[in-house]
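The structure appears right after this line, and notes come after that.
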Amino acid sequence: MQLPKITAVLVAALLAFPHVARADNSAAPAPGLVLNESPGLETHFSVMAGLTQWVLFRGGNLAVEYKVDRLVFEASHGQGLDLNQVPGLALTSAERAAGARVRVPWTTGVGAGFRVTEDLHFLIEAKAHHYNESGSDRNVEVDYTTFSVGPSAFYTFHLFKGVFLEPNVRWWPNVATTLSGNGARLVRPDGTANVVKAHDFGLFANMNVGYAF
């Protein structure tokens, strides 16, 4: 009788079938099938330039950024910024009233933070900003440095290949300054003086353009 042999063949076929089915499904998952796999986050090293510094303040700014898993690290350096190029945006009312001329010979710092998605991340940044200020009498100048620590938020828009735009919002409040008494005495040609506080970047927005490797 051939029944036992037929039964054995059927059992062997049934045992083999799930393996074949799984191999086929891995190549083309059935509609509605949920796989227990997460895409993960790509590792990137990027170089960037801040457009606000170049376009509005006639200075320069370069930064590097490293993303690995959920962590993000950044270092940046700017120089030659002239805040009087856009006084209504960059200067305080007290600085404008005093006729102050505010330059930033250099600004530098680092940041570290957390990546929420592939394109959204937040940092805590520590920065040092060096200022050169003068009043109506350009022969009298005040030099000082401020130090700030604050949060920032970034979102990346990918343009093509590795090129991207990265709008960002930052809050850099002063936590310390080398300016004595936290005020700069700006002298006018007639000898009178105005006292203004150390410049504070505070809340501001920027746009980076960069390339990711």
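Each value in this text was obtained by applying a stated rule to the coordinates, not by laboratory testing. Bear in mind that the values here come from a model prediction, so they are computed numbers and not experimental data. Because the Cβ atoms are built from the backbone with ideal geometry, glycine has one as well, and the counts that use them run over all protein chains shown.
Structure above, values below:
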item: Where trypsin sites (Lys or Arg not before Pro) fall in DSSP loop in segment 66-145, at most 16 other Cβ within 10 Å; result: Arg70, Arg138
item: Burial ordering of Val209, Val142, Val196, fewest other beta-carbon atoms within 10 Å first; result: Val209, Val142, Val196
item: Karplus 3J(HN,Hα) series, Hz, for segment 197-212 with 6.51 cos²θ - 1.76 cosθ + 1.60 (x for Gly, Pro); result: 6, 4, 5, 10, 5, x, 8, 7, 10, 8, 9, 8, 10, x, 9, 9
item: Local electrostatic count, Tyr155, Cβ distance below 10 Å [Lys/Arg +1, Asp/Glu -1]; result: -2
item: Long-range HN-HN contacts of Leu179 with modeled amide H, under 5 Å; result: Thr145
item: Karplus-derived 3J(HN,Hα), 6.51/-1.76/1.60, for each residue of segment 162-173, Hz, glycine and proline x; result: x, 7, 8, 10, 9, x, 8, 10, 10, 10, 10, x
item: Amide proton proximity set for Trp106, modelled H, under 5 Å, gap of 5+; result: Gly80, His130
item: Within straight-line cross-link reach of Lys67, aspartates and glutamates at Cα separation under 19 Å, skipping those fewer than 8 residues along the same chain; result: Glu42, Glu118, Asp119, Glu125, Glu166
item: Aspartates and glutamates with Cα under 15 Å of Lys197, excluding same-chain neighbours fewer than 8 positions away; result: Glu95, Glu133, Glu141, Asp143
